[in-house]
Amino acid sequence: MYIDMQSVADLYAVLIADVVASRSSQNLRSLLNAKLRIASIAQLDEKLIRVPYAVTAGDEFQVVAARLERLPRLILDLRRRLLPFRLRIGVGIGTVEGQIRKPVNRVAGEAFENARRAIMEIKATRKYPTLTLFHTNQESFDRVANLIYGLHDTLLRRTTTKQWETIAVYLIKNRVDYTAKALKIDRSTASRNLKRSFFWQMEDTVLVMEQFISENFEACT
């Protein structure tokens, strides 16, 4: 599907997310706000997002990604930062009306509408449950991206809280031996936790999706 370069240059990515089984979480709103404040500071510094997160209603929040091709890294980073919460994440790519500023929930446009469609579709009955869904104006991109994340999320659902703790530390330390030392476990245990948690498949998903997004949206902003 052809998209002229001017329109591609004006595209943005919006994430709308909510917490799975939020009714079972005590003090959800205060815990969510605290975690999102920390995530906003870190991800703004890492240039993963354009503005701080905004909680829109209950357990739902949204943000605008800094660059399209950094979406996969943002999704993984958000999941580990909001542990122990498990998230549904709808991603919309499209245009945005006016200036992007905080609070982001007061900004509108096609990207927000597409993200809303994505999160609603996750909640609807599907052939198989997924936790991540893309909605753009490129049907061929959506089919492939959503197939990749559908398979990815099948593994993600099998990752335990304990295994996520190892993943979270590894994403900071970036070495298995440093991760083991930080967690006060032996290196073989840390390595086994990463393997059994499907972390290496998660990392490959990030790398493949970064390339796939770049190839489909060459003039990412």
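In whole angstrom, how far apart do the alpha carbon centroids of the stretch 34-86 and the stretch 171-221 sit?
18 Å
Treat every Asp and Glu Cβ in the stretch 5-138 as -1 and every Lys and Arg Cβ as +1, leave all other atoms uncharged, and give the resulting dipole magnitude about the Cα centre to the nearest 20 debye.
Values: 22 positive and 12 negative charges, 95 e Å.
With Lys and Arg at +1 and Asp and Glu at -1, about 460 debye.
For the stretch 5-138, what size does the Cα cloud have along each of its three principal axes, sorted from largest down, in whole Å?
Principal-axis extents of the stretch 5-138 (Cα, largest first): 46, 38, 25 Å.
Over the chain, with a Gaussian network built from C-alpha contacts below 10 Å, which listed residue (89, 119, 38) shows the highest mean-square fluctuation?
Result: 38 has the largest fluctuation of those listed.
Sort 53, 149 so the one with the fewest other Cβ atoms within 10 Å of its own Cβ comes first.
Working: 53 26, 149 22.
Starting with the residue having the fewest Cβ neighbours, the order is 149, 53.
Which of rounded, prolate, oblate describes the stretch 93-221, given a ≥ b ≥ c as roots of the alpha-carbon gyration tensor eigenvalues and a/c under 1.5 marking rounded, otherwise prolate only if a/b is larger than b/c?
Numbers: a/c = 2.19, a/b = 1.83, b/c = 1.19.
It is prolate, given that a/c is not under 1.5 and a/b is the larger ratio.
Mind checking which of 208, 19, 63 has the largest fluctuation in a GNM of the chain, springs on alpha carbons under 10 Å?
In this elastic network of the chain, the residue with the biggest mean-square fluctuation among 208, 19, 63 is 208.
With unit charges on the beta carbons (Lys and Arg positive, Asp and Glu negative) and the dipole taken about the Cα centre of the chain, which residue among 56, 147, 19 sits farthest to the positive side?
19
Coordinate-derived values only; no laboratory data. As the structure is a prediction and not an experimental result, all values here were calculated from the model. Every residue, glycine among them, receives a Cβ derived from its backbone with ideal geometry; neighbour counts consider all protein chains shown.
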